[in-house]
Amino acid sequence: MKSKMQKFSMVKKKPAQVKRSKNFKKIQEKRHKKRNTDDPEIEALNARLWPSFDQPKEDIAPADIKAFTDLPISKKTLEGLKANNFTKPTDIQRESLMFGLKGHDILGAAKTGSGKTLAFLIPILETLFKQRFTPSFGMAALVISPTRELAYQSFDVLKKIGKLHELSFGLVTGGMSLKEEAKKMNSTNVVICTPGRLLQHFEQTPNFTADELKILVLDEADKILHMGFANTMNAIIEALPRQRQTLLFSATQTKSVKDLARLSLKKPIYVSVHEKAKETTPTSLQQRYIVCEMQDKINTLWSFIKSHKQKKILAFLSCCKQTRYLYQVLKKMHPGLTILCLHGHMKQHQRMEVYNSFSRKQHAVLLATDVAARGLDFPVVNWVIQVDKPENVDTYIHRVGRTARYEKVGEALLLLLPSEEKKMAEDLVKRKIPIVKLKVNKNRMFDVTKKLESLCAADKDLKDNAQKAFISVMKTLYVLDKSSFQSVDLEAFAASLGLVQAPKLPFLEKKKKSESSTGASVTELTSTQDDDESSEEDDDDSEDEKSSDNEGDVKKWLKNKKTLNFGVNSDDDDDDNDGDIYNVVKDVKPGENEESTGDNEQLALVEETRSSKKKSRAREKLKLLKYTTRITFDEEGNVEGQESDDDAGGLNIDQARERMKERDKTDKELQRQRIKEQHREQRLKLKEKRRLAEMEKRGQSATENEVVLDTPDESSPSDDEKVTEQSDNDHSESDEENSDNAQADETEDDEPLPKKRKVVANVSDEEDIQDDSSDDDEDQSFDGDQASGNESEIGAEDIEQEEAAVLALLGGTR
Ligand SMILES: Nc1ncnc2c1ncn2[C@@H]1O[C@H](COP(=O)(O)OP(=O)(O)OP(=O)(O)O)[C@@H](O)[C@H]1O
């Protein structure tokens, strides 16, 4: 079954209709007159870019561009760059800037964290400066980003480096009311936006046109041109003038002719600085994977976090509900560092707060969906851990790219189910991604299952969220990889989430039902997006990925698949080397032979010193006393000691389990009653049908009796409802799942729903922002505990200031 979102995106969007006022032409003419004055600096810059026929001059070679000052860039931009410590260009900047400044269309590809943002922002500033744009001219450059956070980030950089120009910049992501934004749209020179919101302005903001547009930039171009954004982008492109410069940048650039045709690129120049590099990912990034059953993932994540308390960690999960649930429980278990979460069901202001908070923190864990996978430049992330496999290698590259950015080192850990290992490892090798397999030392793993069980037993909402997480994770897996789905031990996975038994999977029930009613398998679940941002439905491995297929490497890699005991540098300065939980098993660097670097050396990924354990035991006892009476956790306390294998957080687990079973029993009883009721209604309907048929046979009018009985559509539960009621959850479950679908669909990081927005926009300014979630408990995703976490580096004042700054930024123009 397709999500609402996808159904919507199937409908071809009309080109945006631009609203113009009567005196629009006059305004345009006035603007043009203003620009016809000479400026010696501009003339000199142009002369360096386009030497005259009588004084021919070679372009400056990229290798000779040692500093930004070697390029024909205006004083204002150079000063803006210098003020932000940008003096020497990076490779992609060196290779692409001359083309960008000359007005060429560019397809730019370079590794994550290599400085692509400046490679498109500098040409924007320069073009607008040289053409003497001022705010009254309106939009002259457009940067389209796939997520709000990324748009915000680029906007921030633009403001900093473009500070001295007399240009206006605007962030248009749905973060404020449409009306407020609309007031500023016509006096904004550079618009940085998400696709949905931009389309909405084209359709609804009077006089907002792209007639003056000189540059279009698609940041993360491959993402924007594909899947959920496709129709919105087509509508936007229709509204743009064909005479423009187009810049496309991504670490996984598209070369698809179809994409390029849509954009009407003119002789685009392909600038790929790392195409010939040995590795696709940054060389300063160490990548590892472990094979892990579904039911062991939470324990692994917890063990990892507990042994990396002095690190900044970004953990990727497959769906919002799982992210939310893990955030809620991990926070309650006090790992000893701040836990944050970021996903598409959060309200806009929460997302920005989390973004800023994680940017500022030195040590924290951010649990996130793929909304954080692309482009975000959080300072000094030490680890990226992918708890769930990414849907393809491109997503893998972007996720791990959140660490090891611009001259920094970083580490990445990928958790794979046994059924996922072979294909994923092969795919990574094909794409020149070096990764090392690690073996889990199970003796050193912490088991938090009982703790989770006790938390769920004590809090019905938490239990409900655990059930939703279970269903959501399984649905995602089902859509992405059916064989892995089948290999999951459902009961064990449910238990690992703290559930006494595995909830039913409504999507499977629906599928079975439709199969049995039609006699064939007609209902294919095509969406993983029950609750997430991404709406990608096809395997988006790009063409360059296919062409880089290297069977030789794969075979060599497979041959190397044997256990080794060689070392990799110990990752953590804060980790001791006794009692590791992971050992290196193999090195799968493509094309390289394994190389032993010493016996018995082990990788200290996760560890805990014995002394610290001893110290914490006394504290633990004290806490256990507390927990036996009430399930609350000491906000300030360091609870290092709690994670001993048999620790249940001080609760009487047997009692808790009994309570949970009792509750389940009541739930079931309710369900049974509902099902009974349904059956009764169905019998009645059947009877009525037969009666009507009988009457028709006898020549009586069927309509005579219609008023007596409700029509089936109105009175009986829909298929959806029936399935829900047979599930282990209460009746609201399915409704919520469905409404969650709708919420996911509404996020602007995804295919937007302008129709719906139109309505929302008219309602109220505030509602306009909060299009993401109706889950009130989502508000918890940024609560006091987060903002002033155990090691909070920012005070409340800082947060307030930051918030004010964010709001000011969202305000747009300056
Ligand atoms: N010339 C430069 N000198 C110093 N630092 C730079 C320079 N260019 C970019 N950086 C820094 O490098 C980091 C990465 O830059 P940026 O975010 O533009 O990378 P990216 O290539 O767009 O990454 P991704 O593919 O993940 O989006 C940023 O922190 C940025 O400030």
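Values in this text are rule-based calculations from the coordinates and carry no lab data. Computed from a prediction, not measured in an experiment: that's the story for all the values here. Glycine also receives a Cβ, built like all others from the backbone with ideal geometry; neighbour counts cover every protein chain displayed.
Between K183 and L508, the FRET efficiency from the beta-carbon distance, with R0 = 45 Å, is close to 0.35.
A cut-off of 5 Å between modelled amide H atoms, ignoring neighbours fewer than 5 places along the same chain, links C341 with L367. For the pair R691 and A67, label points projected 7 Å from Cα toward Cβ lie 9.3 nm apart. For region 127-254, the Cβ-based charge dipole about the Cα centre amounts to some 360 debye (Lys, Arg positive; Asp, Glu negative; other atoms uncharged). What the phi angles of region 404-418 give under the Karplus curve with 6.51, -1.76 and 1.60, with θ = phi - 60°, is a coupling list of 6, 9, 5, 6, 9, 8, x, 9, 9, 10, 10, 9, 10, 6, x Hz, glycine and proline written as x. Here the Karplus relation 6.51 cos²θ - 1.76 cosθ + 1.60, evaluated at θ = phi - 60°, turns the backbone of region 447-452 into coupling constants of 10, 9, 4, 5, 4, 5 Hz, with x for every Gly and Pro. Go ahead and run the numbers for FRET between S284 and R672, Cβ-Cβ distance against an R0 of 45 Å, rounding to 0.05. Calculated value: 0.15. Working from label points 7 Å from Cα in the Cα-to-Cβ sense, the T87 to E43 distance is 3.3 nm.
Compute the length gained on full extension between E166 and T134: take 0.36 nm times their separation in residues and subtract their Cα-Cα distance, giving the result in nm to one decimal. Gain on stretching E166 to T134: 10.9 nm. The residues neighbouring S487, those whose beta-carbon lies less than 15 Å from its own, together hold a net charge of -3 under the Lys/Arg +1, Asp/Glu -1 convention. Residue ranges 409-418, 499-508 sort as 409-418, 499-508 when ordered by packing (mean number of other C-beta atoms within 10 Å per residue, highest first).
Taking the Cα centre of region 271-339 as reference, the dipole from Cβ charges on Lys and Arg (+1) and Asp and Glu (-1) amounts to some 340 debye. Counting charges near R402 (Lys, Arg +1; Asp, Glu -1) among other residues having Cβ under 12 Å from its Cβ returns a value of +1. Each of Q501, S487, L438 was scored by the projection of its Cα onto the charge dipole of region 396-504, and the greatest displacement toward the positive side belongs to L438; charges sit on the C-beta of Lys, Arg, Asp and Glu. Taking θ as phi - 60° and the Karplus parameters 6.51, -1.76 and 1.60, the scalar couplings of region 241-251 work out to x, 6, 7, 6, 9, 10, 10, 10, 10, 5, 6 Hz in sequence order, x denoting glycine and proline. Summing Lys and Arg as +1 and Asp and Glu as -1 over all other residues whose Cβ lies under 9 Å from the Cβ of S114 gives a net charge of +2. Note on region 233-349: percent of Cα-Cα distances in each 5 Å bin, starting at 0 and stopping at the bin with the largest distance, equals 2, 7, 13, 13, 11, 11, 12, 12, 9, 7, 3, 0. In this structure, the amide hydrogen of K437, modeled 1.01 Å from its nitrogen in the peptide plane, lies closer than 5 angstrom to those of Y289, V585, K586, D587, V588, counting only residues at least 5 positions away or on a different chain. Calculation over all alpha carbon pairs of region 142-186 in 10 angstrom steps from 0 returns a P(r) of 25, 54, 21 percent.
Out of A109, V157, N85, whose Cα points farthest toward the positive end of the dipole of region 80-185 (charges: +1 Lys, Arg; -1 Asp, Glu; placed on Cβ)? Value: N85.
Considering only V393, P282, A372, and ranking their Cα positions along the charge dipole of region 277-415 that arises from unit charges at the beta-carbon of Lys, Arg, Asp and Glu, the one farthest toward the positive end is A372. Amide H contacts of L247 (H built 1.01 Å from N, in plane; Pro and chain starts excluded): I106, L216, V217, L218 sit under 5 Å, all sequence-distant by 5 or more or on other chains.
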